[in-house]
Structures are given as C-alpha cells and as structure tokens.
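To keep things clear, I will list the structure first and then write my remarks on it.
The values are calculated or read from the model by the stated rules, or taken from the named source; none is laboratory data. What you see is a predicted model, and the numbers here were worked out from it, not measured in a lab. Methodologically, a virtual Cβ is constructed for each residue, glycine included, from the backbone with ideal geometry; neighbour enumeration extends over all protein chains shown. Each accessible area value is taken on the protein alone, full model and side chains, heavy atoms only, with ligands, DNA and RNA left out. Shrake-Rupley method; radii C 1.70, N 1.55, O 1.52, S 1.80 Å.
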Amino acid sequence: PDLSGIRLTLTPVIKGLDQPLFVTHAGDGSGRMFIVEKTGKIRVVKDGQLLPEPFLDISGTVSGSSEQGLLGLAFAPDYADTGYFFINYTNDIGDTIIARYQRSTDNPDRADPASRSQLLSIDQPAPNHNGGMLAFGPDGMLYVGMGDGGGANDRFGNGQNPSALLGKMLRIDVTSDPEETY
C-alpha cells in the first residue's frame, strides 16, 4: 500500500521526566497516572499535571547502569482498600529486589517509604537482561518477568534450568505472610 500520504504529529503529554519507562494507574478510580522512572522515582500525573513530589523515591538505592534501575510497578487489585503496591528494581549491587510498599495515610499522592517489605531478592550475574515487568493476573497473583541473568544468548543457562529463578515468569501469592520467605 502507498503510505506516502500518511502524516503523523506527536504531542508530548508530560515533560520533565527522567528516563520514563512505564505508565500505569492504581485502579482506584482516581484517574491518576503513575510513571516509573528508571532512575528510581515513581511520578504522579494528576488532573493532567506532573506533581512536583514523587510518589516514591528510591533513587539512592537503585543501580542505574546498563539495563538496571527501577523496572516495574504493579498496584494490588485491592489497592483502593489496602494501599499496597509492588516494585521491581535492581539494588546498588545489581541484584533484583521485589518489594511491597503502602501509600501514605496522610497523602494518597505519596507512598510511605517506611512501609517497605522485601518479598524477594534474586542474585544477578550480569548487569543486563534483568526483566522487570510486574502485573497482577486474573488469579490475583503477582507475575514477575525475570530476565535470564545477562550476558548474551543465556550464557548462564538460566532459561533452561528449572532450579533457577532467572529466565522465568514467576507467580507469587502476595496475600501470604510477608515475613515468610518464598
């Protein structure tokens, strides 16, 4: 087909972000958008405006090299009631961390940084192929997309190793006791 007549115009929706890589909503009916910045912040767009203060700022604890950083965000299906949300990031030594946080009781546009509960830590042998996507399935479970651990061509063989968490889609019941390990 002849596409020469097609003209596109791009219009920025939000400016002032630092390495944005994902946008989602909380499913709470507020209409807010939450934007994940690879550098370690979750920003809020409310009524079409980027709020000056981040929802959560963990930039001091994330590794920002290569394919690392704050890589995923998912709000619990019952977020409107519990205020729980989950993040996937690489820490300052490059390992994957899955953590749960809760929104602030004083300000729904801010998270409570002290509410952090680490669910999972996975050693990463290389600084790339970290994965990062988080999503809740229709079964209420949290799905975690884990990269193969880096290098090239699954150098470490994690994708075919049933004992490795790398190179897998993990399914986690986040309603279990957070003090118990997975």
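In the stretch 122-144, how many are modelled with pLDDT of 95 or more and within 25 Å of THR61 (Cβ to Cβ)?
Final tally of qualifying residues: 7.
Kindly list the number of the only condition in (1) hydrophobic (A, V, I, L, M, F, W, C); (2) part of a strand (DSSP E or B); (3) open to solvent by less than 60 Å² (accessible area, probe 1.4 Å) that fails for ALA126.
Exception for ALA126: condition (2).
Okay, residues lined up against (1) aromatic (Phe, Trp, Tyr); (2) free of Cβ contacts under 8 Å to residues at least 24 places away in the same chain:
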residue	(1), (2)
PRO52	no, yes
GLY69	no, no
PRO77	no, no
ALA80	no, no
PHE86	yes, no
ASP92	no, no
ASP95	no, no
ALA99	no, yes
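Just one of (1) hydrophobic (A, V, I, L, M, F, W, C); (2) assigned to a loop (DSSP other than H, G, I, E, B); (3) more than 24 Å from SER104 (Cα to Cα) trips up VAL144, so point out which.
Here VAL144 clears every test but (2).
This table checks each residue for (1) open to solvent by 10 Å² or more (accessible area, probe 1.4 Å); (2) over 24 Å from PRO54 (Cβ atoms).
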residue	(1), (2)
ASP95	yes, no
ASN107	yes, no
ASP112	yes, no
ASP139	yes, yes
VAL144	no, no
GLY159	yes, yes
ARG171	yes, yes
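Yes or no: the stretch 16-36 includes at least one residue that is free of Cβ contacts under 8 Å to residues at least 12 places away in the same chain, of a type in the set (Gly, Ala, Ser) and at negative phi. Reasoning before the result, please.
Looking only at the stretch 16-36, we keep the residues that are free of Cβ contacts under 8 Å to residues at least 12 places away in the same chain, and these are none.
No: the stretch 16-36 contains no residue that is free of Cβ contacts under 8 Å to residues at least 12 places away in the same chain, of a type in the set (Gly, Ala, Ser) and at negative phi.
Residues in the stretch 93-118 that are over 18 Å from LYS46 (Cβ atoms) and under 16 Å from the mean Cα position of the chain (by Cα): how many?
13
Only one of GLY132, GLY137 is closer than 27 Å to PHE34 by Cα, in contact with a Gly (Cβ under 6 Å, 6 or more places away or on another chain) and of a type outside the set (A, V, I, L, M). Can you tell me which?
Residue meeting the stated conditions: GLY132.
Here are some conditions: (1) touching a residue at least 24 places away in the same chain (Cβ under 8 Å); (2) assigned to a loop (DSSP other than H, G, I, E, B). MET133 meets all but one. Which one does it not meet?
(2)
Taking LEU3 as meeting all but one of (1) at pLDDT 95 or above; (2) out of contact with any helix residue (DSSP H, G or I) (no Cβ under 7 Å at 6 or more places or on another chain); (3) over 20 Å from MET133 (Cβ atoms), write down the number of the exception.
Every listed condition holds for LEU3 apart from (1).
Got at least one residue in the stretch 152-163 being within 24 Å of ARG116 (Cβ to Cβ), not in a loop (DSSP other than H, G, I, E, B) and not β-branched (Val, Ile, Thr)?
No - not one qualifying residue is present in the stretch 152-163.
How do the strands (runs of 3 or more DSSP E) wholly within the stretch 1-85 filter down when requiring 2 or more residues that are more than 18 Å from GLN118 (Cβ to Cβ) and open to solvent by 20 Å² or more (accessible area, probe 1.4 Å): which remain?
20-24, 41-46
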